[in-house]
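What follows is a set of notes on a single structure, which appears directly below.
The values are calculated or read from the model by the stated rules, or taken from the named source; none is laboratory data. These numbers were taken from a predicted model, which means no experiment stands behind them. Here the Cβ is made from the backbone with ideal geometry for all residues, glycine too, and neighbour counts use every protein chain on show. These accessible areas exclude ligands, DNA and RNA; they are computed on the full protein's heavy atoms, side chains included. Shrake-Rupley method; radii C 1.70, N 1.55, O 1.52, S 1.80 Å.
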Amino acid sequence: QVQLVESGGGLVQAGGSLRLSCAASGSIFSVNVMGWHRQTPGKQREFVANILSGGNTNYANSVKGRFAISRDIANNTVYLQMNSLQPEDTASYYCMIVIRGKLYWGQGTQVTVSS
């Protein structure tokens, strides 16, 4: 079993920054992907960023240049540094991990950006 615990969400003014963390525990081996998605009420969950087992990163166009994903392999933790936040970034942010082809989600952390 795999557990993901996110932290770091909160309320920030437009132009501000937040750093999300996601710590994975349990049967953590052969990780394929770690990353972040986000969701607002009434909309589908959307991709934000991920980091592959080899270290390559991918970003949604809407966050490219503002967000940065990184990981601490020793501690099975993935981070999302979010800069220049805008009101449209307001959402629940969900951590995800793929282990041997199986997808796991965290419980989500709320990010609210005020204008």
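Any residue that is open to solvent by 50 Å² or more (accessible area, probe 1.4 Å), out of contact with any Leu (no Cβ under 6 Å at 6 or more places or on another chain) and of a type in the set (Ser, Thr, Tyr) - is there at least one of those in the stretch 90-111? Taking every residue of the stretch 90-111 in turn, none turns out to be open to solvent by 50 Å² or more (accessible area, probe 1.4 Å), out of contact with any Leu (no Cβ under 6 Å at 6 or more places or on another chain) and of a type in the set (Ser, Thr, Tyr). Note on the stretch 66-88: among residues that are closer than 17 Å to THR40 by Cβ and in contact (Cβ under 8 Å) with a residue 40 or more places away in the chain, the one that is surrounded by the fewest Cβ atoms within 10 Å (Cβ to Cβ) is PRO87. Whenever a residue of the stretch 104-115 is more than 29 Å from PHE29 (Cα to Cα), its partners that are polar (S, T, N, Q) and assigned to a strand (DSSP E or B), lying with C-beta atoms within less than 6 angstrom and at least six residues away or across chains, give the pairs SER114/GLN13. Please verify whether the stretch 79-102 includes one or more residues that are touching a helix residue (DSSP H, G or I) at 6+ places or on another chain (Cβ under 9 Å) and more than 25 Å from VAL2 (Cα to Cα). The answer is yes; a qualifying residue exists. Of all the listed residues (VAL63, VAL48), the sole one being crowded, with 18+ Cβ neighbours inside 10 Å, touching a residue at least 24 places away in the same chain (Cβ under 8 Å) and in a loop (DSSP other than H, G, I, E, B) is VAL63.
Considering only the stretch 1-45, state which residues are charged (D, E, K, R), touching a residue at least 24 places away in the same chain (Cβ under 8 Å) and surrounded by fewer than 19 Cβ atoms within 10 Å (Cβ to Cβ). Reasoning before the result, please.
Looking only at the stretch 1-45, we keep the residues that are charged (D, E, K, R), and these are 6, 19, 38, 43, 45.
Narrowing further to those that are touching a residue at least 24 places away in the same chain (Cβ under 8 Å): 6, 19, 38, 45.
Correct list: ARG19, ARG45.
For every residue, the table says whether it meets (1) touching a strand residue (DSSP E or B) at 6+ places or on another chain (Cβ under 8 Å); (2) at pLDDT 95 or above; (3) not hydrophobic (A, V, I, L, M, F, W, C).
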| site | (1), (2), (3) |
| --- | --- |
| GLY35 | yes, yes, yes |
| LYS43 | no, yes, yes |
| VAL63 | yes, yes, no |
| ILE73 | no, no, no |
| PRO87 | yes, yes, yes |
| THR90 | yes, yes, yes |
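Number of residues in the stretch 60-81 that are within 11 Å of the chain's Cα centre (by Cα) and more than 13 Å from CYS22 (Cβ to Cβ): the value is 2. When GLN3, GLN81 are checked against the criterion of being part of a strand (DSSP E or B), among the polar types (S, T, N, Q) and closer than 21 Å to SER114 by Cα, a single residue qualifies: GLN81.
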